[in-house]
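The structure under discussion appears below in the form of C-alpha cells.
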Amino acid sequence: MTRTIEEAYALAKQRFADHGVDVEKALTRLDSLPVSMHCWQGDDVRGFENPQGELTGGIQATGHHPGRARNAQELRADIDKAMSLIPGPKRLNLHAIYLESDVPVARDAIEPHHFAGWVDWARQQGVGLDFNPTCFSHAKSADGFTLAHQDPSIRRFWIDHCKACRHISAWFGEQLGSPSVMNIWVPDGMKDLTIDRYAPRQRLMSAIDDILSEKLNSAHHIDAVESKLFGIGAESYTVGSNEFCLGYAVSRQIALTLDAGHFHPTEVISDKISAAMLYVPRLLLHVSRPVRWDSDHVVLLDDETQAIACEIVRQQLFDRVHIGLDFFDASINRIAAWVIGTRNSKKALLRALLEPVDALKKLESEGDYTARLASLEEQKSLPWQAVWDQWCLRHDVPVGSAWLSDVRRYEQQILTQR
C-alpha cells in the first residue's frame, strides 16, 4: 500500500507543478499550522468540577453514545487516541472546569497547580495548551448573567474567575514555550423583550477592562473575546454581540474570536476574516458546523470550512490567525468526532495551500474573471487526496478511513467498559 501511495503522490505532485504549485512547499507550511482540538468533545462539556451538573448558557450536548470520559485520566487517554490518528501539529483547548483537585475549588480561586496534570501531559505530547474561563453551568450564572450582572458581588466573582484564568493561561505559555490563547465568552442575555440594552453592555465593557488591567507577557498569553448571536434562554438579547466584541477587540487591540456558529444562518465567518484583520492584531477561529443554529455539529469538509482555510492561506495570515475547533456530539463515538472534524480542518488547509494563489490574484487584478473561475473549478478535480495520503503516511497515521477500525477497537476494549 505504501508504494501505491507514493506512486500516486509522485503523479499528483507533477499535476500540481503543471499548475504552478510546489507541493513540498505546501506540506512544509502545513506542518507549521497547528489546529487546537477542544477537550469538551470527550465528555459532553461536563468537566470535573461537577460532572453531573446541568449545562446552562445555551449549551446542549445531545445523545447517549457510550464511553463518555468521567475523569481527567480517561479524557487524556481518549485525546491521546484521537491525536494518534490525526496528522500534523496539534494543540489542546481547555476550559476552566477541567481542573484537577481532590477538594472542591471555587472558580474564582483556581490556580495553575490545578492544571499541572494537563501541563505535564502537554509537555510529554509536545503540544501547546489554550484556555477558556467557564462562565456558565454555575449557581452564579443561573439567571443568565455573569460579567454583565447588575449585582456587583456576582460580577466581581466572574471578574476574579477570569483573572485567575489569565494567570493559568500565562503559566501554560511559560511552561510549554508557546503562547496560550485565552478566549472570554459569556452567555449573558435575555429570553424576551429587553428594555435596557445599554447598561449591561457598559457593565460588560467595564468588567473585561478590569480583567485585562494586568499586563501579561504576550509571549505566554493572548487575550481574545468572542461574540454570539443568541443562545437558549437568550434569544432576544445577547450582551456580547458581534458589534460589542468587534468594537472591544479593536479599541483594546486584542484578539477577536469568530465562531462559525455564532452568527445568523446566512452569515459566514470566512467573509469576516479579511475585514476584521484590518483592525485587530489577531483572530481566533472556532471552526464548527451550525445546523439551523449554533448546534456545534462535527466539522465537515464543506464549502464554509474550505472557505475559512482559503482565507487564511490566500491572505498569508499564518502568524495572526489561531485555528481552534468547537463542536460536541454525544450521539456518535466521541473520539471519531474529534478525528473526523480535525482531519477535515486539516484537509481544508491542505487544499487551500495547493491553490496557485499568486496566479489567481494576477488573473483577478487583470480582470480575467473567466480564467479565474476556470482555474478555481479545475482545482477541485486535481488529486489533492493523493497529497493528503502521502502526508498521513509521513506522519505515521492511518490513510483514508483505516483509522475507524482503530477507533472501533478502542471503543470495544475501553469505552464500552465505562
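Count of the range 217-243 residues, restricted to those that are among the acidic types (Asp, Glu) and over 25 Å from Val119 (Cβ atoms), is 2. Just one residue in the set Leu393, Leu363, Leu382 is at pLDDT 95 or above, surrounded by 15 or more Cβ atoms within 10 Å (Cβ to Cβ), part of a loop (DSSP other than H, G, I, E, B) and of a type outside the set (Ser, Thr, Tyr); that residue is Leu382. Residues that are of a type in the set (S, T, N, Q), over 18 Å from Ala352 (Cα atoms) and more than 23 Å from the chain's Cα centre (by Cα) occur at least once in the range 36-57. Looking across the range 259-281, the residues that are out of contact with any His (no Cβ under 7 Å at 6 or more places or on another chain), surrounded by 15 or more Cβ atoms within 10 Å (Cβ to Cβ) and not hydroxyl-bearing (Ser, Thr, Tyr) come down to Gly261, His262, Phe263, Val268, Ile269, Lys272, Ile273, Ala276, Met277, Val280.
May I ask you to say which residue of Asp151, Asp143, Asp120 is of a type in the set (D, E, K, R), closer than 29 Å to Pro34 by Cα and without any contact (Cβ under 8 Å) to a residue 24 or more places away in the chain? Selected residue: Asp120, the only one of Asp151, Asp143, Asp120 that is of a type in the set (D, E, K, R), closer than 29 Å to Pro34 by Cα and without any contact (Cβ under 8 Å) to a residue 24 or more places away in the chain.
Taking the range 371-391 as the range and being under 14 Å from Leu30 (Cβ atoms) and among the hydrophobic types (A, V, I, L, M, F, W, C) as the test, the residues that pass are Trp384, Val387, Trp388, Trp391. Applying the condition of being touching a His at 6+ places or on another chain (Cβ under 7 Å) and touching a residue at least 60 places away in the same chain (Cβ under 8 Å) to the range 283-314 and asking which residue is nearest to Ser180 (Cα to Cα) yields Leu284.
Quick check on Gln412: is it surrounded by fewer than 21 Cβ atoms within 10 Å (Cβ to Cβ), polar (S, T, N, Q), farther than 30 Å from Val181 by Cα and within 25 Å of the chain's Cα centre (by Cα)? Even if it seems obvious, please write down each step before you answer.
Working: surrounded by fewer than 21 Cβ atoms within 10 Å (Cβ to Cβ): yes; polar (S, T, N, Q): yes; farther than 30 Å from Val181 by Cα: yes; within 25 Å of the chain's Cα centre (by Cα): no.
Answer is no for this residue.
Take the residues in the range 274-292 that are touching a Lys or Arg at 6+ places or on another chain (Cβ under 8 Å) and of a type in the set (A, V, I, L, M, F, W, C); name whichever of them is farthest from Thr305 (Cα to Cα). Checking each candidate, the answer is Met277. For the range 242-263, the tally of residues that are farther than 25 Å from Lys215 by Cα and assigned to a loop (DSSP other than H, G, I, E, B) stands at 4. Would you tally the residues in the range 195-228 being acidic (Asp, Glu) and surrounded by 14 or more Cβ atoms within 10 Å (Cβ to Cβ)? Count: 3.
Do you know which residues across the range 9-48 are of a type in the set (A, V, I, L, M, F, W, C) and under 30 Å from Leu363 (Cα atoms)?
Our first condition is that a residue be of a type in the set (A, V, I, L, M, F, W, C); within the range 9-48, this holds for 10-12, 16-17, 21, 23, 26-27, 30, 33, 35, 37, 39-40, 45, 48.
Scanning the range 9-48 gives Ala10, Leu11, Ala12, Phe16, Ala17, Val21, Val23, Ala26, Leu27, Leu30, Leu33.
Taking residues in the range 359-378 that are among the hydroxyl-bearing types (Ser, Thr, Tyr), and partners anywhere that are part of a helix (DSSP H, G or I), the pairs with Cβ atoms closer than 9 Å and at least 6 places apart or on different chains are Tyr369/Leu363; Thr370/Leu363; Ser375/Ala359; Ser375/Leu360; Ser375/Leu363. Residues in the range 187-200 that are part of a loop (DSSP other than H, G, I, E, B), without any contact (Cβ under 8 Å) to a residue 60 or more places away in the chain and either closer than 21 Å to Arg252 by Cβ or in contact with a Phe, Trp or Tyr (Cβ under 9 Å, 6 or more places away or on another chain) (or both): Asp188, Lys191, Asp192, Leu193, Thr194, Arg197.
Among the residues of the range 160-187, which ones are of a type in the set (Gly, Ala, Ser), farther than 15 Å from Tyr98 by Cβ and surrounded by 24 or more Cβ atoms within 10 Å (Cβ to Cβ)? Spell out how you get there, then give the answer.
To start, the set of residues in the range 160-187 that are of a type in the set (Gly, Ala, Ser) comprises 164, 169-170, 173, 177-178, 180.
Still in the list and also farther than 15 Å from Tyr98 by Cβ: 170, 173, 177-178.
Within the range 160-187, just Gly173 meets the criteria.
Within the range 1-31, the set of residues being loosely packed, with under 14 Cβ neighbours inside 10 Å and in contact with a Gly (Cβ under 9 Å, 6 or more places away or on another chain) is empty.
The values are calculated or read from the model by the stated rules, or taken from the named source; none is laboratory data. Quantities reported herein were computed from a predicted structural model and do not represent experimental measurements. Glycine also receives a Cβ, built like all others from the backbone with ideal geometry; neighbour counts cover every protein chain displayed.
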